[in-house]
Amino acid sequence: MKELKRALEEGFAALGDRVDAARREVVDALDDRVRGLHNDQRETRDHVRSLSEHLARADHSVPALREDVATLTGLVRGLHTELGDIAALLPAPGPVATGPDDDGQQVSLGQAVPAGTPQTAPAPAVRPGAAAVTAPHATPAAPQSTAPSTTPQGVSVTTSPASDEQPSQEEQDQALKRAVEAAYHGAPADQPSPAAQAPAAEPQDPRVSHGVLLLRAAGVASAEVVAHRHTWEWLAALAAGHDHFRTPPAVDDLPDGRIRTTVSGRSLIALLIVLWETRENSGLDGDWALASTAYQRAATALAGVTGQGRTIRIVLDDGHGQDDEHDGEGEDG
């Protein structure tokens, strides 16, 4: 019995040692696995944090990129304007004088001959404002009398009888501004005043109507704009490079993706200018359609300005009826 008891004790002791060893192996394996899971979780968390930082930097860079694009657009537009001004200042090529040869046929005499040189053939017809072109051995032409040349809206500038030159660009700009001011103070935007009205055969210069709209916008404190958010983003990006445009402090959401915001009279001037330029310089495309429609809506709203403090409203929303809450008449300012 003693031997059996001793054998059982030794067996139980050995079994306990194996159980302890197995438990330690299991605990060590679990510790290693948990430690590995913790490391994986830490790496995943670090990776997610890095991705979030990259996304945040990208979100911050998008507005800057939009501003850069708007600035480049403004620079390109200014370059186009300067190139147009330079092209307008370049002298036109002079006409070539012609005269009869021995057989009576008209032949080219090369470069233009100064006025007053004797001619045998009559002087060819010359465009108004161009230098007279004569051929040799002709009778000198009689001096022309001093006559006024008309500029936009009938403002006259007297030209010299000897040079017969067109008014300078500065004189034309001054005449245009005087015509705009006369139309603004003397008649509605779509009708020139009697003092500035051009001859009946000449249509009104559209630049005068545009200038009147700018003067009307200058007297407006604020204007409400209702449009789809995509249309407003296009308008804001188009005018972002203009010196007078200021981003509105708030843009309110309306149903169906529409927005309502308020722009100052100064920002409205910038919008009118860039819409005018885009409409004039674009082809028959989406920019032309958007610019033409928005410009006409603004012109219609400004035509109703009475000077009584009413807030003007520019609505680009033909798909919805004008309801009382969002699209009704402007409130008294």
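Things worth noting here:
- Among the residues examined, Val208 qualifies as over 17 Å from Thr73 (Cβ atoms) and aliphatic (A, V, I, L, M).
- The listed residue being surrounded by 15 or more Cβ atoms within 10 Å (Cβ to Cβ) and of a type outside the set (Ser, Thr, Tyr), out of Gly241, Gly283: Gly241
- Flag if Pro199 is at pLDDT 50 or above and either basic (Lys, Arg) or assigned to a loop (DSSP other than H, G, I, E, B) (or both): no
The values are calculated or read from the model by the stated rules, or taken from the named source; none is laboratory data. Predicted model, so just to flag it, every value in this text is computed and none were measured. Counting neighbours? That spans all protein chains shown, and the Cβs are built from the backbone with ideal geometry, glycine included.
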